[in-house]
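Each remark here refers to the structure printed beneath this line.
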Amino acid sequence: MRQAFFIAASAALLLLPASPAGAERILVRDPAAYRAATRALSPGDEIVLANGTWRDFQILFEGQGTAGRPITLSAETPGQVILSGQSNLRLSGTHLVVSGLVFRDGHSPTEEVIAFRRDSRRTASNSRVTEVVIDHFNQPDRRREDRWVSIYGQDNRVDHSHFVGKGNAGVTLAVIRPEGQPQPNRHRIDHNYFGPRPPLGSNGGETIRIGTSEESLSDSATIVENNYFDRCDGEVEIVSVKSGANIIRGNTFFESQGAVVLRHGNGNLVERNVFLGNGKANTGGVRIINRDQTVRLNHMEGLAGTGFASAVTVMNGVPNSAINRYHQVANARIERNSVIESRRITLAAGADAERSAPPIDSYFERNLIAGTERTDPFRIDGDIAGIAFTGNVQGEVAEPRLDRGVERRPIEMVRAPNGLLYPADPALAEVGAPRDLSPTTREETGVSWYLKPGPMAETPAGAAVDIPAGSALDAVGEGGTFRLAAGDYRVSTPIVIDRPVHLSGAGDRQTRIAFSGDSLFRIEEGGRLSLSGLAITGTGAAAIRTSAQPMIANYAIELSDIAVSNLPGDVIATTAATFADDIRIRASRFENVRGTVIAAHSETGGAGLYNAEEIEIDRSDFRRVGRIADVFRGGRDESTFGPRFTMANSTVEGSGAPDAPALLLSGVQRTEIDDNRFRGSGPISVTHSVGSPDTRIANNVFEDTPLPQVTELYWQGPARAVLTGNSQ
Ligand code: CA
């Protein structure tokens, strides 16, 4: 392709039929021609990139257009101009419009893919990026931070664009307000499709951020409206507002973990948005901090988030807060929201010795809280005397917590033509979200010429392939579903798993795999591995290990009815810069494993990185294993939902030692260890560091085993872990 560009260069300045009033429309076929054509642009000029793949092309688009005669950069055919390799785009000047480009198969050589500036002195204003696609255009190392779109300057617009699959650290789209630049921005971010962004496994997975704490007491006046957020799960903040006078309006948040967070800055408005959680874990609504925030007319349905990711969260503040901590909530107006089939509304959230300033002068009015569960979603973590409750209506619940300003009565809900639920009773017409909401759909956002992703495939496609006993397992690397017969299989070099693979055996230790290489399976980019009905033994360092290279895509491992015995190393060994959505072990047995069954402590240090979002062990037996699991997350930021760890209905014998914990969890956000039996083993060791960890160790038997040890690294208050019903 490079050579083709070179040959074409001499004839590259192809003048197309002139646009009106002397402006030029120029089709360029290579970067040299582009540079020649854009050296001195005039209002009304149109630069057109020829269809094809432009590799390693760093575009600088600079000029001074006018409102009536902008300067445009477009694709010969929208969607047919691909920027790949090390490419990016900078805009500088005024009245510039860019459209039709696709960034994929590469990454930016800088910290931004699209920047509304050339450098710190030359920004773009009154400019627009529309119908642009950025698809998995990720830095090769997930820990390296960049932003896909950085909006500098003033009065810019990003609209009808498609952003999908950001896998490395850094906000997808940020409004940048550098220190010392407190002027309003008045940007508009509308009708964009924000496609799936998987959990990042650290801070920095926001989909949108507006400003930073330093300039947060000034107004950005940015509008985010009619966008579709599809499974944006990066971290706890989907939209992080860190400035004033912004409007978040008419967006749809579909199955997205996290919340719209009014983190810093005052006088923001969040209205007429539709949040649809479908019961997915950690789906939240709006979290309120600071002064003069209005949250009204929103529809929130099926939100399963709790704590800081409740449907509505009103935080406690820090007295005389530092700019980057939590300012007290004052004059919050929470009006006419519908909170339906949602797990939680948390008031005075995060109240503790530091966050001791309760919300004041605030209003919670005419909200509708409905659901088929009789469990009250309200949680009141501190003093709420500063919130006036009037005219709210709630369905009947068993043990209501709010004692004023809420009428409780049966509420029959009916789905309206707009797809949303409303009370059947006309007397409730002025309570909750209004009838005229028109939820923004996927189809109304992004571009028409680029496919939006469907549901994620949980199991590999295609029919199962039988592999006879004694055969090599090389075919497994091709991906798909495989059935192994009863009998023995030998593997001498690791099987690379870089796509979904399901491998099942005859069960009851009838299908035996012995491996002699470094590992039996090595997970690489794109891999997801599910094993069932196999007996595994081997001489290598780990039965399953993740890549030695950074991985962008999250992987998953599921072991069901697996027996692992006589292993000198680990069963599952994770590596740095790789991340599991989940690791699940069910109905499996581990015997004589010298290492750790789940070693998830390869990220170290205080940056808040970790290896796996969710680890689950159920109905499994551990005999003479070095350690069941070792899970570590450093840092103190409250940015992630993980790691989460559950272990239930399992037995542990002769594992660990009195001075070597059988189970080691540090920085885990949610721990549930229930109904297990430990015998002659080392203790459970839990260390609380980050945020508000939720630890429950209940109804376990610790026979000839020390009781669990819980250490608080920073917390000064009463014990936070719940240890109950355990016996020794
Ligand atoms: Ca964050």
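The values are calculated or read from the model by the stated rules, or taken from the named source; none is laboratory data. Predicted model, so just to flag it, every value in this text is computed and none were measured. Here the Cβ is made from the backbone with ideal geometry for all residues, glycine too, and neighbour counts use every protein chain on show. Areas reflect the complete protein model, heavy atoms only, side chains present, ligands, DNA and RNA absent. Shrake-Rupley method; radii C 1.70, N 1.55, O 1.52, S 1.80 Å.
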| trypsin sites (Lys or Arg not before Pro), restricted to the stretch 219-327: which are DSSP loop and have at most 12 other Cβ atoms within 10 Å? | none
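With +1 assigned to the C-beta of every Lys and Arg and -1 to the C-beta of every Asp and Glu, and no other charges, what is the dipole magnitude of the chain about the Cα centre in debye, to the nearest 20? Don't jump to the answer; show the numbers that get you there.
Values: 75 positive and 87 negative charges, 204 e Å.
For the chain, the charge dipole is close to 980 debye.
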| request: Return the distance in nm (one decimal) between the two label points of a simple spin-label model at N649 and E76, each offset 7 Å from Cα along Cα→Cβ. | output: 6.1
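So, with a 1.4 angstrom probe, what is the percent of accessible area on the chain that is carbon and sulfur? Walk me through the numbers on the way to the answer.
Working: 13200 of 27450 Å².
For the chain, the apolar C and S fraction of the accessible surface comes to 48 percent.
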| task | Two decimals is fine: what is log10 I(q)/I(0) at q = 0.17, 0.26 Å⁻¹ for the stretch 264-310, from a Debye sum with one equal scatterer on every Cα and no solvent? | result | -0.51, -0.94
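What's the extension gain from R122 to E444 if we count 0.36 nm per residue and subtract their Cα-Cα distance?
On the way: separation 322, 0.36 × 322 = 115.92 nm, distance 3.35 nm.
Here the answer is 112.6 nm.
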| Using a 1.4 angstrom probe and counting only protein chains, how large is the accessible area of T94 in Å², to 10? | 40
| remark: Subtracting the Cα-Cα distance of E399 and S471 from 0.36 nm times their residue separation yields 19.8 nm
| field | Length gained when the stretch T390-T539 is fully extended (0.36 nm per residue, less Cα-Cα span) | value | 46.8 nm
| task | Would you work out which of A169, P109, S216 lies farthest towards the positive end of the dipole of the stretch 69-227, given +1 charges on the beta-carbon of Lys and Arg and -1 on that of Asp and Glu, about the Cα centre? | result | P109
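Does the stretch 224-283 come out rounded, prolate or oblate by the C-alpha gyration tensor, with a ≥ b ≥ c the root eigenvalues, rounded set by a/c under 1.5 and, if not, prolate when a/b is larger than b/c and oblate if not? Display every interim value, and only then the final one.
Values: a/c = 2.46, a/b = 1.52, b/c = 1.62.
Since a/c reaches 1.5 but b/c is at least a/b, the shape of the stretch 224-283 is classed as oblate.
For Q728 and Q64, FRET efficiency with R0 = 56 Å and r from the beta-carbon atoms, rounded to 0.05?
On the way: r = 78 Å, r/R0 = 1.39.
That pair, Q64 with Q728, gives E of 0.10.
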| message | I need to check one value: relative contact order of the stretch 196-245, counting alpha carbon pairs closer than 8 Å and at least 6 residues apart, in percent. | response | 58
| note | Note to self: C-alpha centroids of the stretch 248-295 and the stretch 495-524 sit apart, in Å, by 43
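Once R0 is set to 51 Å, what does the formula 1/(1 + (r/R0)^6) return for the Cβ-Cβ distance between Q183 and A548, expressed as a FRET efficiency to the nearest 0.05? Before the final figure, lay out each step's value.
Numbers: r = 48 Å, r/R0 = 0.94.
About 0.60, to the nearest 0.05.
So which GluC sites (Glu not before Pro) in the stretch 103-164 are both in a DSSP loop and have at most 15 other Cβ atoms within 10 Å of their Cβ? Each step should come with its number before you reach the end.
Details: sites: E111, E112, E131, E145; in loops: E111, E131, E145.
Filter output for the stretch 103-164: E111, E145.
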| note | Square roots of five times the C-alpha gyration tensor eigenvalues of the stretch 171-437, ordered largest first and given in whole Å, equal 28, 21, 16
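Can you give the relative contact order of the chain as a percent, counting alpha carbon pairs under 8 Å and 6+ residues apart? The partial results should precede the final answer.
Numbers: 2446 pairs, mean separation 40.9, N = 728.
It comes to 6 percent, rounded to a whole number.
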| Overall dimensions of the stretch 28-121 by Cα: Rg and Dmax, Å | 12.5, 36
| said: Residues of the stretch 592-618 with the amide nitrogen closer than 19 Å to a label point 7 Å from the Cα of E703, along Cα-to-Cβ, please. | reply: 592
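Given a Förster distance of 35 Å, report the FRET efficiency between T372 and H136 from their Cβ-Cβ distance, rounded to the nearest 0.05. Before the final figure, lay out each step's value.
Working: r = 39 Å, r/R0 = 1.12.
The value I calculate is 0.35.
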| query | Rounded to the nearest 500, what is the chain's calculated 222 nm mean residue ellipticity when only DSSP H runs of at least 4 contribute -39500 (n - 2.57) each, over all residues? | reply | -500 deg cm²/dmol
| task | Only Cα pairs under 8 Å and at least 6 apart count here; give the relative contact order of the stretch 89-177 as a rounded whole percent. | result | 32
| message | Can you compute the modelled spin-label distance between A587 and E616, with each label point 7 Å from Cα toward Cβ, in nm? | response | 1.5
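What fraction of the DSSP beta bridges in the chain is antiparallel, stated in percent and rounded to the nearest 5?
Within the chain, antiparallel bridges account for around 5 percent of the total.
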| In nm, to one decimal, how far is the A607 label point from the N320 one, both placed 7 Å along Cα→Cβ? | 3.5
| task | Kindly identify the chain as rounded, prolate or oblate by the Cα gyration tensor criterion: order the square roots of the eigenvalues as a ≥ b ≥ c, call it rounded if a/c is under 1.5, otherwise compare a/b with b/c, prolate if a/b is larger, else oblate. | result | oblate
| Percent antiparallel among DSSP beta bridges (both partners in the stretch 171-437, rounded to 5) | 5
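For the stretch 413-559, with every protein chain kept in place, what is the accessible area per residue (1.4 Å probe, Å²)? Spell out each step's value before the answer.
On the way: 6770 Å² over 147 residues.
Heavy-atom accessible area per residue stands at 46 Å².
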| task | Could you work out how far the C-alpha centroid of the stretch 391-439 sits from that of the stretch 649-726, in angstrom? | result | 42
